[in-house]
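Following: one structure in C-alpha cells, then a few remarks.
The values are calculated or read from the model by the stated rules, or taken from the named source; none is laboratory data. Note that the structure is a prediction, hence the values are computed from the model and not measured. Cβ: placed from backbone, ideal geometry, glycine included. Neighbour counts: every protein chain shown.
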Amino acid sequence: MKSYSVTLIASLFGIIFGFIFEPIIGSIFKKEISDINTALLISEIVQIVFMFVIIFLLSYLLYIFTRHHNEFTEANKNVLHKLGADVSYYPVGDNTDNLYKKMSEIVENSHSEVLMISSHYLQVESMPDDRVKNSRARMEFYELIEKKLRKNQDNNYKFKRIIQIPNEMDITDINDSIYIKHMKLLSDYGECVPELICLKQCDVYANSTYYLVDKRILLWQIIGKEPNKDNVFTLGYFIFENMNEDFIKEFSNFFHRIDAHSNLVPKNTFD
C-alpha cells in the first residue's frame with residue numbers, strides 16, 4: 001500500500017513538472033528545428049522522458065525517506081519496549097500536585113514492596129521553595145504512606161528507604177519537616193520489623209534518588225542545583241510503568257548492593 005502511495009505521489013510530481021517544462025522544451029526545439037511538426041514530436045518525446053526521469057528520482061527519494069522513517073520509528077519502539085511501555089515526566093513547581101497525586105496513586109496500589117534510595121550528597125533542601133515543599137499534595141503523599149504501613153504491617157508488606165549521606169553531614173541537617181517526620185516514622189518501624197519496614201543510612205554511592213515499586217514501576221528523580229551554592233533540589237520525576245524485567249532488575253540489584261553497606265537509623269535519632 002505504501003509503495004503505491006509513493007509511486008502515485010511521484011507520478012503527480014512528474015506530470016506537474018512535465019507541464020511546467022513543456023513550454024520551455026518546446027520553445028528550444030522550435031528555434032533549432034525548422035519543421036514545426038518534427039519539433040513538436042521531439043518536444044513531446046523529451047517531455048515524456050523527462051517526466052519518467054522525474055517520477056523515477058522522486059520515487060527513489062521517497063522510498064529512501066520512508067525506509068529511514070520506518071527504521072527510526074521501529075528503533076523508538078524497541079527502546080520503549082526495553083525501558084517500559086509507559087513513560088511520563090512530572091515537573092516540580094506549578095505542577096507539583098500532579099506529581100504527588102501520581103506518586104500517591106502508585107504507592108496506594110502497590111502490593112508487595114516499595115524500595116527507595118535517596119541521595120543527599122549536597123542536599124539541604126529537597127524542594128526548590130517552601131510553597132512546593134509544603135504543598136498539600138506532598139503532605140497527603142506522606143500521610144498516605146503512613147496509612148499504608150499501618151494497614152499492611154501484618155501482611156509482609158515491605159517499605160525500605162536508604163538515605164545516602166556523606167560522613168560530614170548529619171541526617172537531621174536535612175531542612176524539611178515533612179520529610180523528617182516521614183523518616184522518623186520509618187525509623188520507629190525499624191525498631192520492630194527492620195526486615196520489612198525501615199530507614200537506613202550509608203555513605204554516598206551514587207548521587208541518585210529513585211523508588212522501585214513492586215518490581216514493576218520506577219520513579220526516578222531529576223535534580224537541579226543552584227549556581228554557586230551547595231543546595232540541590234528536585235526538578236521533577238520520570239515515571240516508568242510496566243517496566244521491562246531486565247531493566248528494572250539493575251535498579252533492584254543496585255538497591256540491594258547499597259543495602260548491604262547501610263545501617264539502621266536508630267529510633268531516637270529524630271527526638
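Quick notes
- Within segment 141-186, the only residue that satisfies the criterion of being in contact with a His (Cβ under 6 Å, 6 or more places away or on another chain) and within 18 Å of VAL107 (Cβ to Cβ) is TYR142.
- Hey, LYS160 in a helix (DSSP H, G or I) and touching a residue at least 24 places away in the same chain (Cβ under 8 Å) or not: no
- Yes/no for GLU168 being part of a loop (DSSP other than H, G, I, E, B), crowded, with 17+ Cβ neighbours inside 10 Å and at pLDDT below 95: no
- Hey, SER208 surrounded by 15 or more Cβ atoms within 10 Å (Cβ to Cβ), touching a residue at least 60 places away in the same chain (Cβ under 8 Å) and part of a loop (DSSP other than H, G, I, E, B) or not: yes
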